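Reviewing the structure listed below.
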Amino acid sequence: MSSTDDTVPDRSFLKKNEDSSSLSVRAWVRRDALPCKRSHSCEVLTSPTDSSVALRAKDLVHAVQSGTGVRTLCYDSGYLNTIMAKSSITFIDGERGVMRYRGIPIEQLAEQSSFLETAFLLIFGDLPSQTQLEQFSKLVADHSFLHTDICDYMRSFRYDAHPMGIFISSMAALATTISAGDLQHLDKHIYRILGQASTLAANAYRHRIGRAFNEPRSDLGYTENFLYMLDRLSEDDYRPHPAIVRALDVLWIVHADHELNCSTACMRHLMSARVDPYTAIGGAASALFGPSHGGAAEAVVRQLERIQTVDKIEPFLDRVKAKEERLFGFGHRVYKSFDPRARILKEQVEKILELIGVEEPLFLVAKELERRALQDQYFRSRRLYPNVDFYSGVIYRALGFPTDFYPLLFAIPRIAGWLAHCREAQLAERELDLREHTHVIRPAQVYVGAAPRPFVPLHSGNRPPYQERDIECYRTRLSTRRRLGLLSGARLEERIE
Ligand code: ACO
């Protein structure tokens, strides 16, 4: 787009409408790119803290379309340039490594707040008063007890089931024990979900180690109660160490929200279909489980275990640069200078290792790996820096959590963020802009499949042969292998006939 002389000066292609005090502007489609005779009014969305501007896709598309006559859509498979919501929860400036919850810098919250206070801030918009925080903490604690059916359901998983699988399924199963469909009572669902999430996670852990579930305790703080449910054996007066409680609080504060990351976008996506929040949280947690997202801490530690010693870092980095593998815990879609959360966590590792008094060789490997990667042209030119997961896994390991439990330690705090987005979307729909927020999120696709073709009946003799990969897939099942022996693809087809 440009002004009428077809040049594109910085933001001068945007002009405020004289008759409007709103942010509405006129935009012109650049003539040398696409022929367009008319100008179009495009509403511009701006942020008070961000210099970038965003045009509504439908205005932009309309401008191009009416100039060219061609039906126009935007193709953005990874949402690299797509805004899906207006939000006032978390602000991130990836260039400068800035992150704020509701305007408050993450460093200050990590230093001075607690997880539950931060969750209140994210969900309800402001820091609570003393009374509000006490009420909120009590409501969350009172809702931390599970229905016995859910406990029985959790016990029915295999002893070695991944705890994240148990957690995701049990979270969705909560919808079956609670009248969950009614979004009018979202605040009550918020207390329940926050309260029960930590109990579900603790039970998933206890199930893995074959111990009875501990009942939650309403008189303990949120992270304290979680550690209590994990670790109490038979003591009446077991209390987790306050320094470990504090460390977990810090970890959970920095993980509580991160604007529209993959799982939060998934949460918004699901809520747009009006699904109940328990099922939606199960879906968002599934997105978080992936190694490119919340599963990264687990992947980092498994990677560090493979590297094992400092002398194996160089060959490992060579494989990364040859694109044979990824350096987990490095790189971020948004942060292109540093991830402020990674800085906070690096300090925490030092504190925890000192407290626990153990040598953690993986921490030395992690520090050296970071140092070498930051000096390497491959990582520098792509602006790849340690992200929050680079050190969180090392902390979890130092605290003695099993590796496959890390994604849960990420999911519990992130639930605060998912609930904040869920509430924000619901409020926006009710009060602010009904037109915009009632859309079910439903992107489009470019169809690249087969041209129209007729169905070929199975016994006509004209159906193309099986593709080899289908057979391979079938053969990998061990029982099938035993029953069919090592038949070749052709003989297998005969047997199936
Ligand atoms: N290791 C090696 N190369 C990388 C890495 C990495 N960790 N991350 C990005 N690159 C390279 C890519 O290969 C690509 O190189 P190219 O330009 O030669 O093709 C370039 O950097 C850009 O990478 P993209 O994948 O386009 O970057 P994107 O923003 O889509 O990816 C992501 C971000 C998924 C986080 C990526 O950096 C990654 O996979 N990191 C490792 C996994 C990880 O740590 N995830 C946790 C993220 S934080 C969180 O979710 C809480």
Among helices (runs of 4 or more DSSP H) entirely inside segment 61-143, those with 2 or more residues being in contact (Cβ under 8 Å) with a residue 40 or more places away in the chain and under 18 Å from the mean Cα position of the chain (by Cα) are 115-124
Can you find a residue in segment 236-256 that is within 13 Å of the chain's Cα centre (by Cα) and not β-branched (Val, Ile, Thr)?
-> yes
Hits in segment 61-75 - residues which are of a type outside the set (A, V, I, L, M) and closer than 19 Å to Gln445 by Cα | His62, Gln65, Arg71, Thr72, Cys74, Tyr75
Can you pull out the residues in segment 326-338 that are of a type outside the set (D, E, K, R), part of a loop (DSSP other than H, G, I, E, B) and surrounded by 15 or more Cβ atoms within 10 Å (Cβ to Cβ)?
-> Leu327, Phe328, Gly329, Gly331, His332, Val334, Tyr335, Phe338
The condition from (1) of a type outside the set (S, T, N, Q); (2) closer than 23 Å to Ala243 by Cα; (3) within 13 Å of the ligand (Cβ to nearest atom) that Ala398 misses is numbered (3)
With respect to Lys346, determine if the residue is of a type in the set (Lys, Arg), more than 20 Å from Ala296 (Cα to Cα) and away from the ligand (no atom under 13 Å from the Cβ).
-> no
Please list, ordered by first then second residue, the pairs with beta carbon atoms under 8 Å, 6 or more apart or interchain, first in segment 235-259 and farther than 14 Å from Ile356 by Cα, second of a type in the set (Asp, Glu) and surrounded by 13 or more Cβ atoms within 10 Å (Cβ to Cβ).
-> Tyr238/Asp231; Arg239/Glu224
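Test of understanding: among Asp231, Asp249, Asp237, which residue is of a type in the set (D, E, K, R), away from the ligand (no atom under 16 Å from the Cβ) and crowded, with 21+ Cβ neighbours inside 10 Å?
On the way: Asp231 fails: crowded, with 21+ Cβ neighbours inside 10 Å; Asp237 fails: crowded, with 21+ Cβ neighbours inside 10 Å.
It is Asp249.
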Mind checking which residues of segment 266-301 are hydroxyl-bearing (Ser, Thr, Tyr) and under 24 Å from Arg326 (Cα atoms)?
-> Ser286, Ser292
Test: residue in segment 123-140 that is under 30 Å from Arg383 (Cα atoms) and either modelled with pLDDT of 95 or more or of a type in the set (A, V, I, L, M, F, W, C) (or both) = no
Check segment 329-336 and report whether any residue there is modelled with pLDDT of 95 or more, over 14 Å from the mean Cα position of the chain (by Cα), under 27 Å from Arg372 (Cβ atoms) and within 8 Å of the ligand (Cβ to nearest atom).
-> no
Are any of the residues in segment 370-386 in a helix (DSSP H, G or I), within 10 Å of the ligand (Cβ to nearest atom) and either among the aromatic types (Phe, Trp, Tyr) or in contact (Cβ under 8 Å) with a residue 60 or more places away in the chain (or both)?
-> yes
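For segment 279-291, name all the residues that are buried (at least 24 other Cβ atoms within 10 Å of the Cβ) and closer than 14 Å to Ala197 by Cα. Explain how you work it out, then say what you get.
Just the residues of segment 279-291 that are buried (at least 24 other Cβ atoms within 10 Å of the Cβ), to begin with: 280-281, 284-285, 288.
Ala280, Ile281, Ala284, Ala285 - these are the residues of segment 279-291 that are buried (at least 24 other Cβ atoms within 10 Å of the Cβ) and closer than 14 Å to Ala197 by Cα.
Conditions (1) buried (at least 16 other Cβ atoms within 10 Å of the Cβ); (2) within 16 Å of the ligand (Cβ to nearest atom); (3) more than 30 Å from Trp418 (Cα to Cα), marked per residue:
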site	(1), (2), (3)
Cys266	yes, yes, no
Thr309	no, no, yes
Lys323	no, yes, yes
Ile352	yes, no, no
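When segment 371-398 is examined, which residues are found to be acidic (Asp, Glu) and surrounded by fewer than 20 Cβ atoms within 10 Å (Cβ to Cβ)?
The initial filter retains those residues of segment 371-398 that are acidic (Asp, Glu), namely 376, 389.
The one that is acidic (Asp, Glu) and surrounded by fewer than 20 Cβ atoms within 10 Å (Cβ to Cβ): Asp376.
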Would you mind finding the one in Ile178, Ile209, Ile193, Ile244 that is more than 16 Å from the ligand (Cβ to nearest atom) and exposed (fewer than 13 other Cβ atoms within 10 Å of the Cβ)?
-> Ile209
Flagged in segment 249-288 as at pLDDT 95 or above and small (Gly, Ala, Ser), in numbering order, are Ala256, Ser263, Ala265, Ala280, Gly282, Gly283, Ala284, Ala285, Ser286, Ala287
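The values are calculated or read from the model by the stated rules, or taken from the named source; none is laboratory data. Computed from a prediction, not measured in an experiment: that's the story for all the values here. Note that each Cβ is placed from the backbone with ideal geometry, even for glycine, and that neighbours are counted across all protein chains shown.
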